[in-house]
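This report concerns only the one structure given below.
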Amino acid sequence: MNADNETLLRASFFDFTRTVDQPEALSDAARYFADGLLTLRAGKIVSLESWSSAALRVDSRRVTDLRGKLIVPGFIDTHIHYPQTEMMGAFGEQLLTWLNNYTFPVEQQYHCATHAAKMSDFFLQQLLANGTTTALVFGTVHPQSVDALFSAAERLSMRLIAGKVMMDRNAPDYLTETPETSYQQTRALIERWHRRGRLGYALTPRFAPTSSPQLLERVGQLRREFPDTWLHTHLSENPQEVAWVRELFPERNGYLDVYHHYQLTGARSVFAHCLHLQDHEWQCLHDTGSAIAFCPTSNLFLGSGLFDLKRCWQENVRMGIGTDVGAGSTFNLLQTLGEAYKVGQLQHYKLTACEALYRATLGGAQALDLDDKIGNFAPGKEADFVVLDPAVSPLQQLRHGNSKDIFEQLFVLMTLGDDRNIAQTWVNGQPVWQKERAGSTPGCCPHTGVPG
Ligand code: GUN
Ligand code: ZN
């Protein structure tokens with residue numbers, strides 16, 4: 001392939017050149033080009049270099065000039081529920097009553113493939129409008145919910161991991177299934193979607209309280225049959241939930257042991273929340289190479305608790321950031337990092353912008369065991385990235401202008417920033433979302449109120 005097939009972008013760039021297991025190593029792994037050149041070809045990164053080292057070689061007429069913008073790797077959302085988009089901001093409940101009063105009735109609607117298709121498109125547009133290029137996503141118990149989401153993601157060439165919820169007890173009849181049905185439907189979905197293009201399948205038992213031992217046995221069987229699928233569930237989010245798991249599984253040594261017993265821990269296992277872990281549970285997460293999805297806005301919104309950022313480094317457990325929409329209150333990872341900072345403050349932990357950005361990019365990729373494919377601008381990686389407008393309001397311009405370095409600029413972005421700062425989102429080497437064009441959304445669907 002010759003250079004005509006290359007895309008050349010000139011802008012500022014920030015990423016991390018390698019994964020780290022201590023926060024002290026982050027500043028060394030961070031890379032910043034105030035004036036850089038990114039070269040793409042066939043959906044992959046060819047190189048990132050300083051403009052000064054490239055300028056003599058490249059034909060500047062072929063360069064797209066984005067000076068004034070900051071380009072970072074696409075944001076990675078390690079825990080989100082697409083069917084809960086339409087119930088964000090549900091008032092007044094904590095986890096278990098929130099599920100019963102709001103979540104289950106909304107998820108019932110996804111038996112309708114038309115509704116699922118409309119909401120899938122809407123959901124993916126929300127991800128892209130917020131600079132998120134990869135997500136680990138819960139569907140509902142209905143296989144058609146996942147067919148709709150994967151179909152929509154495939155049209156966009158997104159790297160997306162998703163799965164059908166598996167649950168067979170402690171939920172309304174209209175959302176429960178038998179272990180056998182759950183197994184068969186999940187198996188068929190894996191065969192249809194797993195490793196198709198950039199898509200991956202996650203076994204998705206909702207959480208221990210809605211899973212019988214027989215169901216978990218079937219999940220374990222699928223994991224053995226399809227060892228490179230992901231496992232995605234909730235763990236230790238709320239004190240009442242933790243106590244309930246102890247009642248339901250008295251023979252197990254705590255909440256995580258329920259999953260561990262059925263061989264559901266390990267690399268590619270992602271546990272959302274992890275707020276009330278015991279010492280041996282941290283140890284188990286580390287020993288098995290399991291990952292955590294830290295969901296700050298959800299944890300604050302549902303009053304679930306404060307994630308221990310310091311302990312996560314100490315125990316050397318992989319961790320990424322999740323929005324957990326719809327318990328989470330935004331799709332936007334910048335805002336989510338701002339809330340993560342406040343969670344740290346409440347525990348006297350100073351979450352730097354460097355650490356926060358790492359968790360939302362390369363660290364998140366590592367949590368999903370995808371750091372060989374996405375998360376930074378290393379040659380050969382898939383070209384998923386976000387073009388940020390670093391200052392879009394008078395206040396942001398004031399604060400950006402008086403920042404002393406890139407780290408302060410990034411901190412201001414995660415404190416004052418939101419979806420207004422997302423200028424473009426690129427997936428697989430193509431611009432799939434641009435702010436300037438996004439205003440012209442067509443009218444709403446008369447049945448669902450969903451734009452499109
Ligand atoms: N635990 C079980 N299901 C859910 C869910 O849908 N959202 C959250 N936040 N926690 C859960
Ligand atoms: Zn969740």
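The values are calculated or read from the model by the stated rules, or taken from the named source; none is laboratory data. Note that this is a predicted model, so its numbers are computed, not measured. Note: ideal-geometry Cβ built from the backbone for every residue, glycine included; neighbour counts use all protein chains shown.
Of all residues in the stretch 191-205, those satisfying the criterion of being in contact with a Leu (Cβ under 9 Å, 6 or more places away or on another chain) and closer than 29 Å to Asn170 by Cβ are Trp193, Gly200, Tyr201, Ala202, Leu203, Thr204, Pro205. The residue that is farthest from Asn5 (Cα to Cα), among those in the stretch 64-88 that are within 16 Å of ligand 2 (Cβ to nearest atom) and polar (S, T, N, Q), is Gln84. Restricting Leu175, Leu216, Leu222 to those that are more than 22 Å from the chain's Cα centre (by Cα), in contact (Cβ under 8 Å) with a residue 24 or more places away in the chain and within 21 Å of Asn101 (Cβ to Cβ) reduces the list to Leu175. At least 1 residues being over 23 Å from the mean Cα position of the chain (by Cα) and surrounded by fewer than 21 Cβ atoms within 10 Å (Cβ to Cβ) is the threshold, and among the helices (runs of 4 or more DSSP H) wholly inside the stretch 342-430 those reaching it are 394-401, 406-416. Checking each residue in the stretch 28-48 for being aliphatic (A, V, I, L, M) and not in a strand (DSSP E or B) picks out Ala29, Ala42.
Of all residues in the stretch 143-163, those that are in contact (Cβ under 8 Å) with a residue 60 or more places away in the chain and under 16 Å from Glu191 (Cβ atoms) have Cβ atoms under 6 Å from Cβ atoms of residues that are of a type in the set (Val, Ile, Thr) and in a strand (DSSP E or B), 6 or more apart or on another chain, in Ala162/Val137; Gly163/Thr204.
Applying a threshold of 8 Å to beta carbon distances and a minimum spacing of six or more residues, or different chains, the list of pairs starting in the stretch 184-200 at a residue that is under 14 Å from Lys164 (Cβ atoms) and of a type outside the set (Gly, Ala, Ser) and ending at one that is at pLDDT below 95 and part of a helix (DSSP H, G or I) is empty.
Among what's in the stretch 56-104 and is aromatic (Phe, Trp, Tyr) and not in a helix (DSSP H, G or I), pick the residue that is farthest from ligand 1 (Cβ to nearest atom). Please lay out each step first, then the result.
At the first step, the residues of the stretch 56-104 found to be aromatic (Phe, Trp, Tyr) are 75, 82, 91, 98, 102, 104.
Checking the rest, the ones that are also not in a helix (DSSP H, G or I) come to 75, 91.
Details: Phe75: 19, Phe91: 15 Å.
Of everything passing the filter in the stretch 56-104, Phe75 is farthest from ligand 1 (Cβ to nearest atom).
Residue count for the stretch 126-179, restricted to those that are buried (at least 20 other Cβ atoms within 10 Å of the Cβ), in contact with a Gly (Cβ under 8 Å, 6 or more places away or on another chain) and assigned to a helix (DSSP H, G or I): 3.
Criterion applied to Ala272, Ala243 was being within 16 Å of ligand 1 (Cβ to nearest atom), in contact (Cβ under 8 Å) with a residue 60 or more places away in the chain and farther than 19 Å from Asp371 by Cβ, and the one residue passing it is Ala272. The single condition among (1) within 22 Å of Leu235 (Cα to Cα); (2) surrounded by fewer than 20 Cβ atoms within 10 Å (Cβ to Cβ); (3) among the β-branched types (Val, Ile, Thr) that Thr336 does not satisfy is (2). The residues of the stretch 315-325 that are assigned to a loop (DSSP other than H, G, I, E, B), in contact (Cβ under 8 Å) with a residue 60 or more places away in the chain and surrounded by 24 or more Cβ atoms within 10 Å (Cβ to Cβ), listed by number, are Gly322, Thr323, Asp324, Val325. Of all the listed residues (Thr336, Thr361), the sole one being in contact with a Pro (Cβ under 7 Å, 6 or more places away or on another chain) and either aromatic (Phe, Trp, Tyr) or more than 16 Å from ligand 2 (Cβ to nearest atom) (or both) is Thr361. For the stretch 105-120, the candidate set comprises residues that are buried (at least 20 other Cβ atoms within 10 Å of the Cβ) and in contact (Cβ under 8 Å) with a residue 40 or more places away in the chain; within that set, the residue that is nearest to Gly417 (Cα to Cα) is Met119.
Here Leu231 meets the list (1) more than 24 Å from Glu382 (Cα to Cα); (2) free of Cβ contacts under 8 Å to residues at least 60 places away in the same chain almost entirely, failing just condition (1).
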